[in-house]
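Heads up, the thing below is written out as structure tokens.
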Amino acid sequence: MLNFGIIGYGFMGKTHGKMIQELDYGKLIAVCDNQKEQLNDVPTEAKTFLKADQLLAEAEIGTVIIAVPNHLHLEMVKKAAAAKKDIILEKPAAMNGNEFQEMMAVTEAAGVRFTIHHQRRWDKDYRLMKEVVESQTLGDIYTIKNSLYGFNGNMHDWHVYPEFGGGMLYDWGVHLLDQMLWMIPGKLKTVYADVRNVINQNVDDYFNIQLYFDSGITGQVELGTYFLKDEASWFERHWFAGGNKGSAYVDGFNPQGKIVRTSELLTNVPGKITMTAAGPTRSFGPPPEGRLVTEELPDVTVNHQMFFDHYNQYVEGKEELIVKPTEILRLMKLLDAIRVSAAEHRSVEFE
């Protein structure tokens, strides 16, 4: 049985509390938040505390979930490690790569388990695209794009403060980038990033990030909180992958999509003009009937509880850790490189 304590009972803390209630191998022992009103809806069987030190003194707790604002992560990881508690840390893991390296050193020295809650590795839209890419059904992949758009524009709560780790790069960006790094093989050679404050004055709410891998794949991640289009399901997530044997798209959190191919390719004819309804072109214009053919996406069954299922198996010694600190260190260093690229308007060598 995994005995949990939660430090920070805001939105994500409450989400973790509800999840633990559904686990037949988990029990919520105690919850801590420094705002008393946040503790009004804690399950009755769980203890409540206003200070982290009080929760960490509970001997029954084996794993602590840290869900406080980003700038407090390092402090809480140090406290939990000193108390010899295993740690599940909310994302983004740290404010920068150096800070996360310090967390890794502290937890290793204390001999405690340490992982980060990147539950979006179990998003269905992502896993569908990952399965398509890794199955090589599209042949040699040359590009993968992941995008997310919204219409409300403004940040909220502590997310409006850069010193607290606010902004979309640290909110959704870490998920989208982690998904790319976990999907695309090989070293990430260079990064180019455009990061902007469109509606929000102090924190980023738009970014377009180009990732160039030595595998020959270019990854693109784009997010805008005020990126508008009057198209059905526009304000959701979108995946696209292109290969030399076809393309694939996956749209929406309840994903819809297809694998798309052509029934034939025209042969190269040097010096010969091909007339179409769009003019003298062979590559563009409307395709003739029957030229595009589609296939269904593979069947994938995943959900966010699988993060905890795998963590439980890891604690029992039956599986390797899924979200490894070394992977998240790479991610945090990528965020550092993105900041440099955006500030200096240049590509940054990475690995």
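Take the conditions open to solvent by 90 Å² or more (accessible area, probe 1.4 Å), basic (K, R) and in contact with a Ser or Thr (Cβ under 9 Å, 6 or more places away or on another chain) and apply them to K18. Does it pass?
No.
Quick one: how many residues across segment 1-15 are farther than 16 Å from E60 by Cβ and open to solvent by less than 30 Å² (accessible area, probe 1.4 Å)?
Number of matching residues: 4.
Among the residues of segment 109-142 satisfying the criterion of being aliphatic (A, V, I, L, M) and in a loop (DSSP other than H, G, I, E, B), which is nearest to L74 (Cα to Cα)?
So the residue we want is V112.
To keep it simple, each residue is scored yes or no on (1) at pLDDT below 95; (2) surrounded by fewer than 19 Cβ atoms within 10 Å (Cβ to Cβ); (3) assigned to a helix (DSSP H, G or I).
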position	(1), (2), (3)
E75	no, yes, yes
K78	no, yes, yes
A81	no, no, yes
I87	no, no, no
A93	no, no, no
E99	no, yes, yes
M103	no, no, yes
T107	no, no, yes
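What tally of residues in segment 334-348 results from selecting those that are more than 19 Å from M168 (Cβ to Cβ) and open to solvent by 50 Å² or more (accessible area, probe 1.4 Å)?
4
State whether one or more residues within segment 301-322 are touching an Asp or Glu at 6+ places or on another chain (Cβ under 9 Å), surrounded by 18 or more Cβ atoms within 10 Å (Cβ to Cβ) and in a loop (DSSP other than H, G, I, E, B).
no
Quick check on K124: is it among the charged types (D, E, K, R) and crowded, with 20+ Cβ neighbours inside 10 Å?
The answer is no for K124.
Identify, by number, the condition in (1) surrounded by fewer than 20 Cβ atoms within 10 Å (Cβ to Cβ); (2) in contact with a helix residue (DSSP H, G or I) (Cβ under 6 Å, 6 or more places away or on another chain); (3) closer than 16 Å to L181 by Cβ that K145 doesn't meet.
(2)
With the requirement that a residue be in contact with a Pro (Cβ under 6 Å, 6 or more places away or on another chain) and under 30 Å from N200 (Cα atoms), what does segment 111-152 give you?
Hit for segment 111-152 is D125, nothing else.
Please work out if K333 is assigned to a loop (DSSP other than H, G, I, E, B) and among the charged types (D, E, K, R).
When the stated conditions are applied, K333 does not pass them.
Looking only at segment 51-61, which residues are farther than 19 Å from T15 by Cα and outside any helix (DSSP H, G or I)?
Matches in segment 51-61: K51, A57, E58, A59, E60.
For T281, state whether it is open to solvent by less than 30 Å² (accessible area, probe 1.4 Å), at pLDDT below 95 and more than 21 Å from M180 (Cα to Cα).
It is true that T281 is open to solvent by less than 30 Å² (accessible area, probe 1.4 Å), at pLDDT below 95 and more than 21 Å from M180 (Cα to Cα).
Conditions (1) more than 22 Å from I116 (Cβ to Cβ); (2) polar (S, T, N, Q); (3) open to solvent by less than 10 Å² (accessible area, probe 1.4 Å); (4) in a loop (DSSP other than H, G, I, E, B), marked per residue:
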position	(1), (2), (3), (4)
G166	no, no, yes, yes
G173	no, no, yes, no
L176	no, no, yes, no
G186	yes, no, no, yes
K189	yes, no, no, no
N200	yes, yes, no, yes
Q210	yes, yes, no, no
S215	yes, yes, no, yes
H238	yes, no, no, no
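The values are calculated or read from the model by the stated rules, or taken from the named source; none is laboratory data. Predicted model only: the values in this text are computed from it and were never measured. Using ideal geometry, Cβ is built from the backbone for each residue, glycine included, and neighbour counts are taken over all protein chains shown. To get the accessible areas, we keep the full protein, side chains included, count just its heavy atoms, and leave off ligands, DNA and RNA. Shrake-Rupley method; radii C 1.70, N 1.55, O 1.52, S 1.80 Å.
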